[in-house]
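Down below is the structure, laid out as structure tokens.
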Amino acid sequence: MTSKDFIETEDKYGAHNYKPLDVVITRGKGVWLEDVDGNKYMDFLAAYSAVNQGHCHPRLVEVMKEQAEKLTLTSRAFRNDQWPLLAKELCELTGYDMVLPMNSGAEAVETALKAVRKWGYQVKGVEKDKAEIIACDGNFHGRTITIVTFSPEEQYKDGFGPLTPGFKLIPYGDADALEKAITPNTVAFLVEPIQGEGGVVVPPEGYLRKAKEICEKNNVLFVADEIQSGLGRTGKLFACDHEGVKPDVITIGKALSGGFYPVSAMLANKEVMSVFAPGDHGSTYGGNPLGSAIAREALKIIVEEKLPERAAELGEYVMSRLNKIKSPHVDFYRGKGLWIGIVLKDEAGGARRFCEALMKKGVLAKETHWNIIRLAPPLVISKEEIDWALERIEEVLTME
Ligand SMILES: *Cc1c(COP(=O)(O)O)cnc(C)c1O
């Protein structure tokens with residue numbers, strides 16, 4: 001079958017809930033992808049930062065094979081010998097007391113929403129069904145009905161009502177707005193320390209610290225969604241680390257399993273996590289031995305290959321090179337670590353055509369919103385590989 005056949009088959013039988021670039025990938029290794037026609041591409045999306053460790057990392061391939069031959073799923077009705085070790089290693093790495101395992105990122109966020117609501121009723125003493133959660137304009141936290149309730153994107157909720165009450169949106173990056181929005185019923189503030197889908201939006205310096213202080217003062221939980229920003233992407237293990245902020249609750253996913261198997265989690269200290277009693281919440285696959293074994297290794301790779309340090313160093317290099325490009329189309333660049341948004345001028349005619357031009361030159365990037373090109377290669381990328389890509393990025397940014 002050719003690319004065209006695969007695309008036609010997908011479009012005939014698969015739901016049309018995405019509009020992918022028309023490239024049919026069949027193989028991946030490190031930062032490189034290969035399509036069914038044998039063309040090679042450098043991956044500058046890394047599956048929305050799920051593949052920070054690079055495609056088909058040999059250590060993950062090995063662990064996955066080994067564990068797949070041993071035991072894959074017991075459900076949490078029984079215990080297994082991988083989940084306890086993932087839980088322990090994750091807590092030791094991050095400094096939290098406890099962790100609750102799920103599969104997709106959206107499920108981790110849902111878990112956090114449940115936890116903070118129950119904390120509000122049990123610990124803070126909010127009246128039944130009155131809990132409020134504050135989130136930010138420009139957010140992306142996933143696609144469940146409750147999560148899209150507080151999405152700023154009309155399309156994400158249009159046609160999916162009735163939606164879930166109890167959420168409030170405030171401007172991102174504005175700590176005063178947070179202070180004003182808090183009421184006695186506010187149980188949590190949910191925030192991405194850097195907004196990924198929003199277009200790699202970095203809030204003003206000091207925002208997270210200030211927001212955390214406001215939360216503390218008002219007995220409100222600070223919940224950081226680090227599903228995309230966490231695990232090395234921004235140059236630290238967590239993006240909140242840049243401001244020395246330790247959230248009350250953190251959600252992680254994506255790179256937690258290096259692209260092999262959906263694993264997500266919510267991390268918190270005992271006071272919050274203890275609101276969950278047996279039967280309160282769960283997932284058939286959450287904490288399964290296959291996913292746990294993979295996540296354990298994925299975390300070891302992040303630490304041992306110093307992926308956060310690489311992201312910091314290489315990110316700075318990319319940014320300095322980009323700033324030298326004289327492009328008629330670029331408004332400005334922003335980002336942190338190996339996570340960069342190229343914000344185009346309105347006259348540039350949208351980011352899609354630039355992503356398509358990049359694809360023709362062998363670099364796969366994806367636009368976010370209509371005018372932002374996001375650069376987020378696997379963190380195992382080498383300087384030579386970055387130079388190769390930058391040459392092509394420059395060609396595209398300086399085209400007509
Ligand atoms: C991707 C993402 C999610 C949702 O993760 P899924 O695995 O797609 O459900 C949630 N929050 C943030 C910040 C994300 O980037």
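The values are calculated or read from the model by the stated rules, or taken from the named source; none is laboratory data. What you see is a predicted model; the values in this text were computed from it and never measured. FYI the Cβ positions are ideal-geometry reconstructions off the backbone, even for glycines, and counts take in every protein chain you see. Only protein heavy atoms, including side chains, enter the accessible area calculation; ligands, DNA and RNA are left aside. Shrake-Rupley method; radii C 1.70, N 1.55, O 1.52, S 1.80 Å.
Oblate is the label for the stretch 166-325, because a/c, from the alpha-carbon gyration tensor with a ≥ b ≥ c as root eigenvalues, is 1.5 or above and a/b does not exceed b/c. For ARG27, the residues whose amide H sits under 5 Å from its own are GLU34, ignoring neighbours fewer than 5 places away on the same chain, with H placed 1.01 Å from N. Taking a point 7 Å from the Cα of ARG79 along the Cα-to-Cβ direction, the residues of the stretch 296-332 with backbone N closer than 20 Å to it are 296. On full extension, the segment bounded by ASP37 and ARG353 gains 111.6 nm, given 0.36 nm per residue less the C-alpha separation. Please give the helix 307-322 orientation as an angle from the longest Cα principal axis of the chain, in degrees from 0 to 90, rounded to the nearest 10. Its long axis makes an angle of about 50 degrees. Taking all protein chains as shown and a probe of 1.4 angstrom, LEU299 keeps an accessible surface of around 10 Å².
What shape does the stretch 252-351 have by the C-alpha gyration tensor, where a ≥ b ≥ c are the square roots of the eigenvalues, rounded means a/c under 1.5, and otherwise prolate means a/b greater than b/c and oblate the rest?
Prolate, because a/c is 1.5 or more and a/b exceeds b/c.
For the set LYS128/LYS168; LYS180/LYS210; LYS345/LYS383; LYS124/LYS212; LYS40/LYS336; LYS124/LYS254, the pairs lying more than 20 angstrom apart at their alpha carbons are LYS345/LYS383; LYS40/LYS336; LYS124/LYS254.
Simple spin-label estimate for GLU205 and ASN17 gives 4.2 nm between the two label positions (7 Å along the Cα-to-Cβ direction from each Cα).
Summary value for the stretch 291-352: 25 percent relative contact order, contacts being C-alpha pairs under 8 angstrom separated by 6+ residues.
Global size of the stretch 58-304: 17.7, 55 Å for Rg and Dmax (C-alpha atoms, Rg to one decimal, Dmax whole). For the listed peptides 231-241, 11-21, a ranking on the average number of other beta carbons within 10 Å per residue, highest first, reads 231-241, 11-21. Largest first, the residues LEU90, LEU169 sort by 1.4 Å accessible area into LEU169, LEU90. Applying the Karplus relation 6.51 cos²θ - 1.76 cosθ + 1.60 with θ = phi - 60° to the stretch 210-223 yields 3J(HN,Hα) values of 4, 4, 5, 4, 4, 4, 4, 4, 9, 6, 10, 7, 9, 10 Hz, where x marks Gly and Pro. For ILE170, the amide hydrogen comes within under 5 Å of the amide hydrogens of ALA135, CYS136, ASP137, counting only partners 5 or more places away or on other chains and with H modelled in the peptide plane. Solvent-accessible area of ARG353, all protein chains in place: 90 Å² (probe radius 1.4 Å, heavy atoms, ligands and nucleic acids excluded).
For the chain, what is the accessible area per residue in Å² when the probe is 1.4 Å?
Working: 18160 Å² over 400 residues.
Result: 45 Å² of accessible area for each residue.
Phi angles of the stretch 197-209 translate, via the Karplus equation with coefficients 6.51, -1.76, 1.60 and θ = phi - 60°, into HN-Hα couplings of 4, x, x, 6, 8, 9, x, x, 3, x, 4, 5, 5 Hz per residue; Gly and Pro are given as x. With R₀ fixed at 22 Å, the C-beta to C-beta distance from GLU395 to HIS369 puts the FRET efficiency at about 0.40.
Projecting label points 7 angstrom from Cα along Cα→Cβ for GLU10 and GLU127 puts them 5.2 nm apart. Couplings 3J(HN,Hα) for the stretch 379-385, derived from phi with the Karplus relation 6.51 cos²θ - 1.76 cosθ + 1.60 (θ = phi - 60°), are 6, 8, 4, 9, 5, 4, 5 Hz, where x marks Gly and Pro. Once the chain from PHE332 to LYS70 is taken as fully extended at 0.36 nm per residue, the excess over their C-alpha distance is 89.2 nm.
Shape call for the stretch 100-185 from the C-alpha gyration tensor, a ≥ b ≥ c root eigenvalues: rounded (a/c under 1.5), prolate (a/b greater than b/c) or oblate? In terms of gyration-tensor shape, oblate. Hey, how many Å between the Cα centroid of the stretch 93-109 and the Cα centroid of the stretch 263-293? What the calculation gives is 7 Å, centre to centre. For the stretch 204-234, the residues whose amide N sits under 18 Å from a probe point set 7 Å from the Cα of ASN185 along the beta carbon direction are 219-221. Each residue, ARG143 and SER382, gets one label point 7 Å from its Cα in the Cβ direction; the gap between the two is 3.7 nm.
Please work out how much length the chain gains when fully extended from LYS306 to MET1, using 0.36 nm per residue of separation minus the C-alpha to C-alpha distance, in nm with one decimal.
Answer, rounded to one decimal: 105.8 nm.
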